[in-house]
Amino acid sequence: MSRALIEPMVGRYMRMPILGEECRVYFEEAGQGIPLVCLHTAGADSRQFRHMLCDEEITDRFRVLAFDMPWHGKSYPPQGWQEREYRLTTERYVASILAFCDALELDRPVVMGCSIGGRIVLQLAHAHGGRFRALIGLEAADFQAPWYDADWLHRADVHGGEVCAALISGLIAPQSPALYRHETLWQYMQSGPGVFKGDLYFYRVDADLRGKLGDIDTARCPLYLLTGEYDFSCTAEDTLRTAAGIPGTKVTIMEEIGHFPMSENPEQFRSYLLPVLEEIRAG
Amino acid sequence: MVELPSPCPPLEGKELWLQVDRQDQAMTNATDTARSEITLSARFESAIPARVNTDAHLVWRGRHLNTRCLIQIGKTTFLLRIVAGRVEERRTPLPLMASWDFAIRGSASAWHALWQAPPPPGWHDLFALSKRGEMRLEGDLHPLLAHLQYFKDVLSLPRTGAES
């Protein structure tokens, strides 16, 4: 790099109540047009969307917003967090997303979430479909089989950041550029103690959506599911099975991509995302 | 209650030859598997310990690691003794009354796929393989989980040089 470059996104803090607790939430945004709210994966933060926030082909038509969930990134946990174990529930997750959209008075935004964000997108389609212009689930399924014991993520005799990153490292496609692979791992290394595990409570215990998604109306709110072929946590089969139960869902299996499309291989991901966004814009 | 298999009727003519063909095929497969294990074991031995101990940063990352672990490739077993991140000893076959902290046991297919460049989807990580039943992680897993990326990197060393 020969000279300094200031990127176009702006970061701000917003105070808003979530389930009756005052939360100070950090978010970044760039662009103008249709609001596009991006939800990061478990145990990570909104930096995962940094490439989309700088992509003029997206920000010319969409107002891209990405916030750190409370407990994540630059959003503190609410007061009193030290007195209880963190566990993300479906109720808390939905309340956080709706609070963010309401606080910014977003008019029928598009919501795109990855992993746990993909799971909650299915719940939003099920329970709040009328509020959204379209929903995009990345690495999303109604359920997926666990592949490790989550107790290893939070114990005093194993470094949480190291083990979280090492576990999820296998979910990144081998073709993803080393720079972005290690940025993605760094997000996990920086997560607070027990936060990844607490997010997985939602994923593994609280939000098994099998058999609960039959009433989703994709004519009212289009639903897109995109899953990377190297994701062995939410497999292509998991996503295809989920989509088969929701008439009208549009599915894409992405080649040479794993569990973190927007973060691990932004160039490859945008080749799949741009047509989806164009269809939503034109719709 | 266990259902017993019904006795097979005697085979004649074409059926008999098909049976013989299947036996030949089974023998061929067994021979291929054995050859594959020999090749895979040779790749493992050429990479470990040499390419661990000459990688100063990898050894540094394992500086607090002292353990004995068993690595199984098909039916072939290796005992590794790791001291401060260096693989000080690699034994095969196992010495009498060998003991270890944990074992990573994979089928020949698992290691073969893992060491391709790039490995195919669903065969590209220790946990992808364990999820599909091609690999088992057993024993006291603390040293493994506390140094998981170290072990993933060590066990992917035989991939380097593989043909795309």
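Observations
- Test for A:His128: is it open to solvent by 20 Å² or more (accessible area, probe 1.4 Å), assigned to a helix (DSSP H, G or I) and away from every other protein chain (no Cβ under 14 Å): yes
- Any chance A:Thr227 is in a helix (DSSP H, G or I), open to solvent by less than 20 Å² (accessible area, probe 1.4 Å) and within 14 Å of chain B (Cβ to nearest Cβ): no
- For segment A:67-98, a tally of residues being closer than 26 Å to A:Ala30 by Cβ and crowded, with 19+ Cβ neighbours inside 10 Å returns 11.
- Any hit, segment A:24-33, residues being crowded, with 22+ Cβ neighbours inside 10 Å, among the β-branched types (Val, Ile, Thr), at pLDDT 95 or above and in contact with a helix residue (DSSP H, G or I) (Cβ under 8 Å, 6 or more places away or on another chain): yes
- Of the candidates A:Val110, A:Val64, the single residue that is buried (at least 17 other Cβ atoms within 10 Å of the Cβ) and closer than 15 Å to A:Tyr224 by Cβ is A:Val110.
- Check on A:Leu179, more than 14 Å from chain B (Cβ to nearest Cβ), open to solvent by 10 Å² or more (accessible area, probe 1.4 Å) and modelled with pLDDT of 95 or more: yes
- Residue count, segment A:131-160 (criterion: more than 8 Å from chain B (Cβ to nearest Cβ) and open to solvent by 10 Å² or more (accessible area, probe 1.4 Å)): 13
- Checked against the criterion of being modelled with pLDDT of 95 or more and either in a strand (DSSP E or B) or away from every other protein chain (no Cβ under 14 Å) (or both), the candidates A:Cys234, A:Cys164, A:Cys221 yield just one match: A:Cys221.
- Of all residues making up segment B:124-136, the number that are open to solvent by 40 Å² or more (accessible area, probe 1.4 Å) and facing another protein chain (nearest Cβ under 9 Å): 2
The values are calculated or read from the model by the stated rules, or taken from the named source; none is laboratory data. Quantities reported herein were computed from a predicted structural model and do not represent experimental measurements. So basically every Cβ, Gly included, is an ideal-geometry build from the backbone, and we count neighbours across all protein chains shown. When the accessible area is computed, the model is the full protein with side chains, heavy atoms only, and any ligands, DNA or RNA have been set aside. Shrake-Rupley method; radii C 1.70, N 1.55, O 1.52, S 1.80 Å.
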